[in-house]
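Laboratory data are not the source of any read-out in this text; all were calculated from the coordinates shown. Computed from a prediction, not measured in an experiment: that's the story for all the values here. Cβ: placed from backbone, ideal geometry, glycine included. Neighbour counts: every protein chain shown.
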Amino acid sequence: MADHMNMTPPTNKILLGADSRVIRKIITLFLLIGILTFVIAIGAVYGGKLLDERFGTHPWLLIICGFLGILVAMIITVSITCQSLRSIREILNLPAAPSKEENK
C-alpha cells in the first residue's frame, strides 16, 4: 500500500529543461488558435445571418458561411501550427523535418 506513495510522477522528457521561449511559443500557439477559431466562428455566423436577412435565403447562407468558416479555421490552424513547429525546431536545434523529395 505504501508503494504508490513513494512513486514519482512521470515527467515529460521532451519539455524537461526546455527553453522558456518554447513554453511561451506553445502557450501562444494554443491561445492564438483558440481566439482565431472563436472570431472566425462568430464572424461566419453573424455574416451568414446578415446575408440571410438581406437576401431572404434563411438558413442557407448561414449554413454555407458556417462551413466556409470551419474550412478557413482549419487552414489557418494548420498554417500557424506549421510555422510554430518550425520556430520551435530552430529554438531546440532539432533537424528540419524531411521534405517529400527526401522520402522518395
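Per residue, the average separation of C-alpha pairs within less than 8 Å and at least 6 apart gives the stretch 28-90 a relative contact order of 35 percent.
Can you tell me how much longer the chain between residue 96 and residue 50 gets when fully stretched, taken as 0.36 nm per residue apart minus their C-alpha distance, in nm with one decimal? Intermediate results must be reported in sequence, preceding the final value.
Details: separation 46, 0.36 × 46 = 16.56 nm, distance 4.54 nm.
Computed gain between residue 96 and residue 50 is 12.0 nm.
The HN-Hα couplings worked out from phi for the stretch 33-43 by the Karplus form 6.51 cos²θ - 1.76 cosθ + 1.60 (θ = phi - 60°) are 5, x, 5, 4, 4, 4, 5, 5, 5, 5, x Hz, whole numbers, x standing for Gly and Pro.
Over its Cα atoms, what ratio of radius of gyration to 2.2 N^0.38 Å does the stretch 28-90 give? Working shown, then result.
Values: Rg = 14.9 Å, N = 63, 2.2 N^0.38 = 10.6 Å.
In units of the 2.2 N^0.38 Å rule of thumb, it is 1.40.
Here the stretch 62-99 is scanned for amide nitrogen atoms under 13 Å from the site 7 Å beyond the Cα of residue 41 along Cα-to-Cβ, giving 66-67, 69-71, 73-74.
Evaluating 6.51 cos²θ - 1.76 cosθ + 1.60 at θ = phi - 60° for every residue in the stretch 57-64, the Karplus couplings come out as 10, 3, x, 5, 5, 5, 5, 5 Hz, glycine and proline recorded as x.
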